[in-house]
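Heads up: the structure comes next, in structure tokens.
The values are calculated or read from the model by the stated rules, or taken from the named source; none is laboratory data. Keep in mind it's a predicted model, so treat the numbers as computed, not measured. Positions of Cβ are generated from backbone atoms using ideal geometry, with glycine treated the same way; all protein chains shown enter the neighbour counts. To get the accessible areas, we keep the full protein, side chains included, count just its heavy atoms, and leave off ligands, DNA and RNA. Shrake-Rupley method; radii C 1.70, N 1.55, O 1.52, S 1.80 Å.
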Amino acid sequence: MSMTPTSAFYRLDSTAVSSAPESPRVGPSDGVCAIHQPNLFPRLSTLAKLFAADRWIVLDDVQFARRDYQHRARLAALDDPGRQQWLTLPTHLPQGRATRISQARLVDPRRSRRTVELLVRQYYGHSRYWEADARRLRAEVARRELRRPDDRPPL
């Protein structure tokens with residue numbers, strides 16, 4: 001993925017073999033760039049990092065990790081944070097362990113969507129903002145379904 005800086009390039013001071021003099025370089029005044037691997041439900045700290053960045057990159061061309069948060073999330077009850085449950089979406093990895101995040105596919109997208117809807121409602125349905133959030137989530141799911149007609153959408 002390529003980023004276009006908003007300011008002019010400047011000449012490198014070093015002509016070391018590892019960096020050619022004509023290579024473009026983004027300086028510190030060009031803003032903040034955040035890079036993050038996609039998660040099923042990003043944490044607030046991740047969202048804050050993305051919000052604070054001038055540019056952000058979704059790092060999805062690295063190995064999919066089954067024990068990471070790319071296809072799962074830990075849900076905690078609002079009234080009892082100690083009561084937790086993993087929400088894990090079954091995934092198909094076409095290249096086995098070498099599969100990149102961008103290549104991973106949901107095994108059963110309809111079942112995964114239903115599981116997410118039920119568990120998120122179970123854990124957060126009594127929140128004071130649930131109705132507004134649920135409307136936004138339904139709209140986003142519908143938008144994505146129109147965009148991806150294939151049977152195995154990317155994560």
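Amide H to amide H, with H built 1.01 Å from N, ILE35 comes under 5 Å of ILE57, counting only residues 5 or more places away or on other chains. Each residue, LEU75 and ALA34, gets one label point 7 Å from its Cα in the Cβ direction; the gap between the two is 2.5 nm. Looking at the range 20-135, the accessible area is 68 square angstrom per residue; that uses a 1.4 Å probe and ignores ligands, DNA and RNA. Roughly to the nearest percent, how much of the accessible area of the range 28-74 is carbon and sulfur, given a 1.4 Å probe? Here carbon and sulfur together make up 57 percent of the probe-accessible area. Rolling a 1.4 Å probe over the protein heavy atoms leaves ILE35 with an accessible area of roughly 90 Å². Our coupling estimate for the range 131-144, obtained by passing each phi through the Karplus curve with A = 6.51, B = -1.76, C = 1.60 and θ = phi - 60°, is 4, 5, 5, 4, 4, 5, 5, 4, 5, 5, 4, 4, 4, 5 Hz, Gly and Pro reported as x. Indicate the gyration tensor shape class of the range 35-79 (rounded, prolate or oblate), computed on the Cα atoms with a ≥ b ≥ c the square roots of the eigenvalues: a/c under 1.5 is rounded; otherwise a/b larger than b/c is prolate and the rest oblate. Taking the square roots of the gyration eigenvalues as a ≥ b ≥ c, the range 35-79 is oblate. Ordered by 1.4 Å accessible area with all protein chains kept, TRP130, TRP86 run largest first as TRP86, TRP130.
Counting heavy atoms of the protein chains alone, TYR129 has an accessible area of about 130 Å² for a 1.4 Å probe.
Counting only protein heavy atoms and using a 1.4 Å probe, the accessible area of ASP79 comes to about 120 Å². Across the range 86-96, coupling constants 3J(HN,Hα) worked out from phi with the 6.51/-1.76/1.60 Karplus curve, θ = phi - 60°, read 7, 10, 10, 9, x, 10, 9, 10, x, 9, x Hz, and Gly and Pro carry x.
In debye, nearest 20: dipole of the range 76-148 around its Cα centre with unit charges on the Cβ of K, R (+) and D, E (-)?
On the way: 17 positive and 8 negative charges, 95 e Å.
I would put it at about 460 debye.
For LEU40, the residues whose modelled amide H falls within less than 5 Å of its own, excluding neighbours fewer than 5 places apart on the same chain, are GLN70, HIS71, ARG72. With each label modelled as a point 7 angstrom along the Cα→C-beta vector, the GLN95-ARG67 pair spans 2.2 nm.
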